[in-house]
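Everything below concerns the one structure shown next.
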Amino acid sequence: MAVTGSVWSPSSWRSFPALHQPEWPSEERAEAARARLASVPPLVFAGEARNLRAALAEVAAGRAFLLQAGDCAESFHDVSAIHIREKLKILLQMAAVLTYGATLPVTKVGRIAGQFAKARTSPSEEVGGEEIPSFRGHMIHDDAPTAPARIPDPERMVQAYYHATSTLNLVRAFTKGGFADLTRVHEWTQEFVASSPEGRRYEQLAAEIERALRFMAACGIDVVSEPKLHQVDVWTSHEGLVLDYEEALTRRDSTTGDWYCCSGHMLWIGERTRDPHGAHVEFFSGVHNPLGVKLGPTATPDEALELCERLNPERIPGRLTLVARMGAEQVFELLPPLLRSVREAEHPVVWACDPMHANVFKTESGVKTRRFDAIMDEIEGFFAACRLERVWPGGVHIEFTGEDVTECLGGSEAVLEEQLSSRYMSLCDPRLNARQSLDLAFRVAELMRHPGRAADAVDA
Ligand code: PEP
Ligand code: CO
């Protein structure tokens, strides 16, 4: 086994222990898929990854906020204009609420155009009395609940690339071609949201934004030709789980000579693969994209520091985002020691809160869900912990969908337990629907305006 510190290359991870990798049934076909991916054009460019890093450096410095959101697992079947547009609408609405509410720039990062692979706690699941391999994402196999459908197929890595390409193409078109224009802020509301309390609150905010634009125009500011009002940057991100895929899409930047993983702008390392001596940390230590690392309840201050040292030894602001997912009940106890040790070591990280992944439970009838209230409690605990440790609460990492699903319980128009199965469409974890996402954005904006309230809530 290679030792940490030996020379990095896009394939050096292969001599480290790599968890959660698919076992491709045919090495020959896997090699063919890798070779194919090694020859396709990159999905993103190094200069874009550097621009995102610069935007995240602003977050690390406490001058901006990160909104990272999207599906738990993207589906090959949902690569359609409607699905992509509906997801973007929510992201744009949430960003508008946060930007206007907190009067801070919001860096928008989708869990999109590549979120096709999942690390699972349990390798198998029971369906109709039969034990079959757990669903691990469309990059690996089909979701149908049968054993043959769950056999890994390396050709799916190539399909994932093409699905990511067409998704990103549309994201670029929507965000640069007029759809994300601030003058269209009203049009991002979906029908099923419009009549809800969040929808009405959003309408009010949209009207205020419109008024502010008219006010600026009346003051003589050229709002027509200011590009920032008509285009936005929505960056892509996914968990960099399947290293065959990530390695094959890694390219050397011709300007700097540095390596970039060109499957997405930002890649993160999941809770189950963040071993500082494992293959994932080895691979991502050598590419220059902005990175995220999930930190769950077992993460120690020393581990957090080791990850900072391994992934950002040069302490480049914006390079590393630590995404805490501790659980509503534990965040205020477990997070402060981590915040403190990273702050004291002067590592310029972004701290973000994933309030989703440690708040999952199964209902009595066996449906996997999350409570909206627990999600909000974790965010409040995160803000309170950051305040206690004088660390900037840099952002949130959310799982949502643009559809009117019933996967998470609660919210202002409460989804009840008996309604969960009516529109439960997630391939993996339960996601917030559009109303719940908007509700969350309003509450986070409020927390950013009055961070003290979070501390009060936790103290109480
Ligand atoms: C995820 O982000 O979908 C995920 C599985 O998260 P984690 O690695 O934090 O469990
Ligand atoms: Co998930």
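Determine, yes or no, whether V331 is closer than 23 Å to H20 by Cα, aliphatic (A, V, I, L, M) and under 22 Å from the mean Cα position of the chain (by Cα).
Considered against the rule, which asks whether it is closer than 23 Å to H20 by Cα, aliphatic (A, V, I, L, M) and under 22 Å from the mean Cα position of the chain (by Cα), V331 comes out as no.
Looking at E74, E31 in this structure, which one is among the acidic types (D, E), more than 16 Å from ligand 1 (Cβ to nearest atom) and modelled with pLDDT of 95 or more?
So the residue among E74, E31 that is among the acidic types (D, E), more than 16 Å from ligand 1 (Cβ to nearest atom) and modelled with pLDDT of 95 or more is E31.
Quick check on my filter: what residues within the range 77-109 are out of contact with any Asp or Glu (no Cβ under 9 Å at 6 or more places or on another chain) and within 16 Å of ligand 1 (Cβ to nearest atom)?
Selection gives V109 alone.
Can you give me the number of residues within the range 383-416 that are in contact with a Lys or Arg (Cβ under 9 Å, 6 or more places away or on another chain) and among the basic types (K, R)?
1
Please determine whether any residue of the range 369-380 is within 16 Å of ligand 2 (Cβ to nearest atom), of a type outside the set (V, I, T) and not in a helix (DSSP H, G or I).
Within the range 369-380 (the criterion being within 16 Å of ligand 2 (Cβ to nearest atom), of a type outside the set (V, I, T) and not in a helix (DSSP H, G or I)), the answer is yes, since at least one residue qualifies.
Six or more apart or on different chains, Cβ under 7 Å: which pairs go from a residue in the range 15-36 that's without any contact (Cβ under 8 Å) to a residue 40 or more places away in the chain to one that's surrounded by fewer than 19 Cβ atoms within 10 Å (Cβ to Cβ)? Could you list them?
Going by the 7 Å Cβ cut-off, the qualifying pairs are S15/M1; S15/A2.
Which condition number does L334 fail, the rest of (1) within 27 Å of A299 (Cβ to Cβ); (2) among the aliphatic types (A, V, I, L, M); (3) touching a residue at least 40 places away in the same chain (Cβ under 8 Å) being met?
(3)
Yes or no, residue by residue, for (1) away from ligand 1 (no atom under 15 Å from the Cβ); (2) under 20 Å from the mean Cα position of the chain (by Cα); (3) within 25 Å of R319 (Cα to Cα):
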{"residue": "F372", "(1), (2), (3)": "yes, yes, no"}
{"residue": "M376", "(1), (2), (3)": "yes, yes, no"}
{"residue": "F383", "(1), (2), (3)": "yes, yes, yes"}
{"residue": "R387", "(1), (2), (3)": "yes, no, yes"}
{"residue": "H397", "(1), (2), (3)": "no, yes, yes"}
{"residue": "E403", "(1), (2), (3)": "yes, yes, no"}
{"residue": "C408", "(1), (2), (3)": "no, yes, no"}
{"residue": "G411", "(1), (2), (3)": "yes, no, no"}
{"residue": "S422", "(1), (2), (3)": "yes, no, no"}
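Limited to the range 400-444, what total is found for residues that are outside any loop (DSSP other than H, G, I, E, B) and out of contact with any strand residue (DSSP E or B) (no Cβ under 7 Å at 6 or more places or on another chain)?
Residues in the range 400-444 being outside any loop (DSSP other than H, G, I, E, B) and out of contact with any strand residue (DSSP E or B) (no Cβ under 7 Å at 6 or more places or on another chain): 10 in total.
State which residue pairs qualify: first residue farther than 24 Å from K176 by Cα and inside the range 58-85, second residue within 16 Å of ligand 2 (Cβ to nearest atom) and of a type in the set (D, E) in any location, beta carbons under 6 Å apart, and separation of 6 or more residues or different chains.
C72/E399; C72/D429
Just for the range 250-280: of the residues that are closer than 24 Å to Q115 by Cβ and of a type in the set (S, T, N, Q), which one is nearest to the chain's Cα centre (by Cα)?
S263
In the range 71-91, which residue that is in a loop (DSSP other than H, G, I, E, B) and within 16 Å of ligand 2 (Cβ to nearest atom) is surrounded by the fewest Cβ atoms within 10 Å (Cβ to Cβ)?
The extreme case among them is S75.
The values are calculated or read from the model by the stated rules, or taken from the named source; none is laboratory data. Here the structure is a predicted model, which is why all the values come from computation and not from measurement. A quick note on method: Cβ atoms are made from the backbone with ideal geometry, for glycine too, and the neighbour counts reach across all protein chains shown.
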